[in-house]
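Asks: Here it is, the structure, as structure tokens.
The values are calculated or read from the model by the stated rules, or taken from the named source; none is laboratory data. Please read all numbers here as calculations on a predicted model, not as lab measurements. Virtual Cβ from ideal backbone geometry, glycine too; neighbours counted across all protein chains shown. Side chains are part of the model used for accessible areas, which takes the heavy atoms of the whole protein and leaves out ligands, DNA and RNA. Shrake-Rupley method; radii C 1.70, N 1.55, O 1.52, S 1.80 Å.
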Amino acid sequence: MKRNSLSSFYVSLWLLFAAAILQAVESAKGKYAHMLFNELFEDYSNALRPVEDTDKVLNVTLQITLSQIKDMDERNQILSAYLWIRQSWYDAYLKWDKDKYDGLDSIRIPSDLVWRPDIVLYNKADDDFSEPVNTNVVLRYDGKITWDAPAITKSSCVVDVSYFPFDSQQCNLTFGSWTYNGNQVDIINSLDSGDLSDFIEDVEWEIHGMPAVKNVITYGCCSEPYPDVTFTLILKRKSSFYIFNLLLPCILISFLAPLGFYLPADSGEKVSLGVTVLLALTVFQLMVAEIMPPSENVPLIGKYYIATMTMITASTALTIIIMNLHHCGSEAKPVPQWAKVVILDYMSKIFFVYDVGENCTSPKREKEEERKLEGDDGCQKRHKEVRSHLSDSKDDCDLKEKLNGNLNKSYGVNGENVRETVNCCSCYKMLIKNIEYIANCVRDHKANRAKGIEWKKVAKVMDRFFMWIFFIMVFFMSVLIIGKA
């Protein structure tokens with residue numbers, strides 16, 4: 001137990017001794033840092049380029065780290081990004097011998113105390129022209145200065161929405177000195193691309209790279225070259241949100257348009273269904289128009305909306321025409337012979353269209369039709385029998401008239417029987433005329449009704465024909481937009 005207590009006592013003494021030494025070293029370093037700062041900035045000026053020879057070029061190394069994409073405003077074509085901008089250069093007047101200052105090799109001082117390159121974002125689209133954040137710079141003994149500053153940039157970006165919402169965008173971030181030309185300050189890429197190691201994943205965009213390219217441009221105002229570094233941010237839109245909120249509802253609504261042809265004509269809702277679908281698509285079209293920039297490039301989903309709206313407009317117009325055919329009635333002209341052959345004979349069989357009021361050719365319905373036909377034939381037979389009987393009765397009347405005349409002449413029979421016979425014959429004649437008139441009326445009514453039924457069947461066949469045509473159009477339009485995506 002005594003040995004354990006002694007060992008713990010020695011360990012505690014050693015820790016106290018080490019802490020005291022560290023505090024003494026830190027205090028010594030702090031003392032040397034103050035001495036170094038006072039000696040370095042005694043005659044230093046941050047207004048001029050820190051080079052010993054004014055004809056010498058000062059090299060500035062630039063590195064960009066993309067941390068986050070804050071917003072992509074497609075309508076105003078502005079990209080907002082959160083960047084970490086690292087610049088490093090050598091200051092010829094800020095060097096020291098670290099051995100004279102107890103091995104002190106670097107210090108951190110405010111950035112506004114040293115000369116800084118005026119590197120700005122050329123394609124800046126922000127109204128705020130404030131200076132960069134005045135963070136500290138790291139100053140090394142060999143004169144190398146490293147300045148890390150965060151920045152929220154708003155840059156102009158030419159947005160191509162031709163394939164929205166399956167589009168990819170390329171936004172440029174061009175950095176260069178605003179006043180120094182290439183003979184005074186030269187910009188060097190630290191890496192071949194921007195640093196994406198600390199990027200926070202965005203909910204709308206995927207990053208597919210950020211290559212960097214150095215350009216040397218001679219502007220019309222000046223003869224000196226001006227170098228710049230352009231970082232190209234390659235973005236790919238995540239389209240799941242737009243598929244489920246804009247594209248899929250449009251596809252589902254567009255499939256309702258052909259069903260308007262399948263709706264019965266007597267329901268009175270065929271035209272109203274087409275108008276309702278057209279209004280629904282107009283609402284979605286306005287939503288897309290609010291997002292997209294007012295340019296000549298119509299987005300892919302906008303083209304799909306316009307094509308679908310055109311198709312629905314055409315279907316509504318065709319529905320109105322077919323409704324007129326359905327309600328032609330008995331006063332219309334008969335169905336042309338070519339329409340009977342093409343539409344009623346061939347197309348009705350192709351599209352499985354039966355007579356008006358039928359849905360299928362079941363055996364029961366066929367039997368009912370046979371019974372109706374037999375009933376009609378029986379009625380016609382009875383009608384013929386009645387007419388023959390009446391004609392026979394008429395002949396009998398004539399025969400009776402002759403016999404009665406002969407009897408009157410020969411035997412002098414009373415005239416009352418003769419008058420009764422004549423009255424009987426006149427009643428038969430009136431009855432025959434009335435029956436013939438009723439038969440003609442029924443025959444005309446059946447002919448007119450058959451003519452109206454033919455026009456209704458023509459309208460029904462055309463409904464089925466256009467229904468399948470528009471179904472095929474909607475299907476191929478949906479496949480086309482997915483294939484282009």
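Asks: Tell me which residues, restricted to region 88-108, are closer than 21 Å to Leu62 by Cα and among the small types (Gly, Ala, Ser).
Replies: Scanning region 88-108 gives Ser88, Ala92, Ser106.
Asks: Sticking with this structure for a sec: Need a quick list: helices (runs of 4 or more DSSP H) entirely within region 233-310 having at least 2 residues that are open to solvent by 80 Å² or more (accessible area, probe 1.4 Å) and modelled with pLDDT of 85 or more.
Replies: 270-291
Asks: Moving to a separate point now. Kindly list, by first and then second residue, each pair from a residue in region 315-342 that is over 15 Å from Tyr262 (Cα atoms) to a residue that is aliphatic (A, V, I, L, M) and at pLDDT below 80, limited to pairs with Cβ atoms under 7 Å and residues at least 6 apart or on different chains.
Replies: What qualifies is Leu325/Val458; Leu325/Ala459; Val335/Val458; Ala339/Val458.
Asks: Additional query: Considering region 126-185 alone, what residues qualify as being in a strand (DSSP E or B) and aromatic (Phe, Trp, Tyr)?
Replies: Within region 126-185, Trp147, Phe175 qualify.
Here is a yes/no grid of residues against (1) open to solvent by less than 40 Å² (accessible area, probe 1.4 Å); (2) of a type in the set (D, E, K, R):
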site: Pro110; (1), (2): no, no
site: Leu113; (1), (2): no, no
site: Cys157; (1), (2): yes, no
site: Asp186; (1), (2): yes, yes
site: Leu196; (1), (2): no, no
site: Glu201; (1), (2): no, yes
site: Glu206; (1), (2): no, yes
site: Asn215; (1), (2): no, no
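Asks: Could you please give the count of residues in region 39-97 that are in contact (Cβ under 8 Å) with a residue 60 or more places away in the chain, open to solvent by 60 Å² or more (accessible area, probe 1.4 Å), basic (Lys, Arg) and outside any strand (DSSP E or B)?
Replies: Total meeting the criteria: 1.
Asks: Quick one: would you say Leu247 is assigned by the TED database to the domain that holds Met287, touching a residue at least 40 places away in the same chain (Cβ under 8 Å) and within 31 Å of the chain's Cα centre (by Cα)? Can you show your working first?
Replies: Details: assigned by the TED database to the domain that holds Met287: yes; touching a residue at least 40 places away in the same chain (Cβ under 8 Å): yes; within 31 Å of the chain's Cα centre (by Cα): yes.
When the stated conditions are applied, Leu247 passes them.
Asks: Residue under question is Phe129, and the condition is that it be crowded, with 19+ Cβ neighbours inside 10 Å and modelled with pLDDT under 90; does it hold?
Replies: Taking the combined requirement at face value, the residue does not satisfy it.
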